[in-house]
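Beneath this line is the structure, given in structure tokens, with notes to follow.
The values are calculated or read from the model by the stated rules, or taken from the named source; none is laboratory data. Just so we're clear, the structure is a prediction, and the values are computed from it rather than from any experiment. Virtual Cβ from ideal backbone geometry, glycine too; neighbours counted across all protein chains shown. Areas reflect the complete protein model, heavy atoms only, side chains present, ligands, DNA and RNA absent. Shrake-Rupley method; radii C 1.70, N 1.55, O 1.52, S 1.80 Å.
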Amino acid sequence: MKSKLPDPQAQLAELKRHTTQLISEADLLAKLKRGRPLRVKLGVDPTAAEIHLGVGIVLWKLRQFQELGHQVVLIVGDFTARIGDPSGRDVTRPQLSAEQIAHNMKSYTEQAFKILEPERTEIRYNSEWLAPLRFTELMELTSKYTVARLLERDDFAKRFRAQRPISVLEFLYPLAQAYDSVAVQADVELGGNDQLFNLLAGREIQGRYGQEPQVVLCLPLLEGIDGQRKMSKSYGNAIGITASPGEMYGRLMSIPDSLTEKYVQLLTELDWQALQAQHPKAQKQALAREIVRLYHGKEAARQAEEEFERVFAQGGRPQEVQQVTIPRAALKPEGTIWIVDLLERSGLVASRSEARRLIAQGAVELEGRRVSSSDFDPQISDGLLLRVGKRRFVELQLAAAQSEEQ
């Protein structure tokens with residue numbers, strides 16, 4: 001853990017690192033000069049059960065506040081999740097059920113404590129203050145913000161111009177999140193760039209309720225391993241902080257070279273200047289090794305690197321491979337199966353057209369031998385290794401005759 005930095009200017013310099021918006025620097029410095037622990041808020045909608053490295057950027061900034069002696073307030077949006085945050089969306093989002101919310105929240109805080117210090121983390125559920133609101137109190141809240149101001153928000157403005165529906169319920173989302181700041185008396189609120197409007201709404205609503213407005217601190221969004229869209233489990237481009245060491249290492253090695261610097265700067269304390277002179281592969285190895293170490297420990301990082309080299313650099317067989325059972329009924333009388341059908345049944349491709357395309361590209365191997373044609377019916381037996389691309393493997397197993405009968 002880093003030593004505390006009681007000097008306000010030194011704290012400010014530390015906290016500004018990697019931020020994209022700070023509104024305002026003068027306000028934050030004034031709060032730091034008072035010498036008391038700040039209440040630093042992060043609102044989390046439990047729409048996914050897994051925290052990925054992109055979310056980790058914000059959590060590590062919260063950890064930085066903790067190491068400087070401040071109090072983190074982690075607000076689980078169990079109530080606002082029923083509305084659905086429309087940030088970055090051009091359509092109305094479906095509401096989550098209470099059961100879905102309960103399922104997603106179950107492991108979220110446990111994952112967060114892989115980064116945050118529990119003793120300096122206050123966990124609150126916003127149903128605590130939003131559910132009991134009377135209609136007169138809701139009217140008071142809505143009277144403190146205008147529709148014109150809400151329509152300044154990009155996603156609402158686009159939908160309004162395109163005459164796409166916007167429910168009044170969605171208009172309540174930024175107001176509900178803003179009221180969270182009032183309820184916990186937040187000094188600072190963190191979020192990604194896409195949350196700026198909501199964070200500023202909190203700042204304004206606090207002022208309308210007679211509180212000192214919170215400081216807004218935004219952090220950059222992290223592109224996923226595809227290098228195109230922001231990291232998200234729904235896009236299939238995320239790396240979960242609870243992913244196994246091998247999966248975490250392998251997925252980090254697959255990021256485009258153009259993203260290595262950003263990942264190093266935002267996700268680690270590695271010295272990028274010292275890494276610049278190295279080969280791009282060596283840079284990514286250092287990145288992958290460090291991130292696995294952060295979440296799983298030094299020994300796990302060493303083993304993940306060795307396994308990666310053995311499998312991908314030397315063509316070895318992975319030690320842990322997902323097994324896929326092929327029903328005997330899917331086989332032809334001679335015990336073979338069409339390779340395209342096999343790829344689809346294995347889950348390695350989304351469609352038969354994708355299977356044909358990957359075979360044509362030379363991206364499919366069976367037991368280390370490249371499949372050169374879609375007109376191929378391999379003989380199937382237990383333990384065969386089917387591989388697509390560099391990092392997707394399954395081990396084939398034939399269903400037992402008895403299990404098929406049942």
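Residue-by-condition table, conditions (1) assigned to a helix (DSSP H, G or I); (2) more than 23 Å from the chain's Cα centre (by Cα):
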| residue | (1), (2) |
| --- | --- |
| Asn104 | yes, no |
| Glu140 | yes, yes |
| Arg149 | yes, yes |
| Arg164 | no, yes |
| Tyr179 | yes, yes |
| Gln195 | yes, no |
| Ala201 | yes, yes |
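Return yes when Leu259 is surrounded by 21 or more Cβ atoms within 10 Å (Cβ to Cβ), of a type outside the set (Phe, Trp, Tyr) and at pLDDT 90 or above and no when it is not. Judged against the criteria, Leu259 is not a match. A count restricted to region 120-142 and to residues that are over 14 Å from Phe79 (Cβ atoms) and in contact with a helix residue (DSSP H, G or I) (Cβ under 9 Å, 6 or more places away or on another chain) stands at 5.
For region 347-357, taking the residues that are open to solvent by less than 60 Å² (accessible area, probe 1.4 Å) and either assigned to a helix (DSSP H, G or I) or charged (D, E, K, R) (or both), the one that is nearest to Ala329 (Cα to Cα) is identified as Ala355.
Looking only at residues in region 26-44 that are surrounded by 14 or more Cβ atoms within 10 Å (Cβ to Cβ) and more than 12 Å from Gly191 (Cα to Cα), the one that is nearest to the chain's Cα centre (by Cα) is Arg39. Of the residues that make up region 153-162, is at least one within 27 Å of Ile57 (Cα to Cα) and either part of a strand (DSSP E or B) or touching a strand residue (DSSP E or B) at 6+ places or on another chain (Cβ under 9 Å) (or both)? Checked region 153-162: no residue is within 27 Å of Ile57 (Cα to Cα) and either part of a strand (DSSP E or B) or touching a strand residue (DSSP E or B) at 6+ places or on another chain (Cβ under 9 Å) (or both). Within region 264-284, residues that are open to solvent by 30 Å² or more (accessible area, probe 1.4 Å) have Cβ atoms under 7 Å from residues that are among the polar types (S, T, N, Q) in these pairs: Pro280/Thr260, counting only partners at least 6 apart in sequence or on another chain. The numbered conditions (1) in contact (Cβ under 8 Å) with a residue 12 or more places away in the chain; (2) open to solvent by less than 60 Å² (accessible area, probe 1.4 Å) are all true for Thr20 except (2). All but one of (1) acidic (Asp, Glu); (2) modelled with pLDDT of 85 or more; (3) in a loop (DSSP other than H, G, I, E, B) hold for Glu344, so report the exception by its number. With (1) acidic (Asp, Glu); (2) modelled with pLDDT of 85 or more; (3) in a loop (DSSP other than H, G, I, E, B) applied to Glu344, the lone miss is (3).
Among residues belonging to region 144-178 that are of a type in the set (Asp, Glu) and surrounded by 15 or more Cβ atoms within 10 Å (Cβ to Cβ), point out the one that is farthest from Phe197 (Cα to Cα).
Glu170
When you go through Ala355, Ala286, Ala363, Ala313 one by one, which is the residue that is modelled with pLDDT under 90 and touching a helix residue (DSSP H, G or I) at 6+ places or on another chain (Cβ under 7 Å)?
Being modelled with pLDDT under 90 and touching a helix residue (DSSP H, G or I) at 6+ places or on another chain (Cβ under 7 Å) holds for just one of Ala355, Ala286, Ala363, Ala313, which is Ala355.
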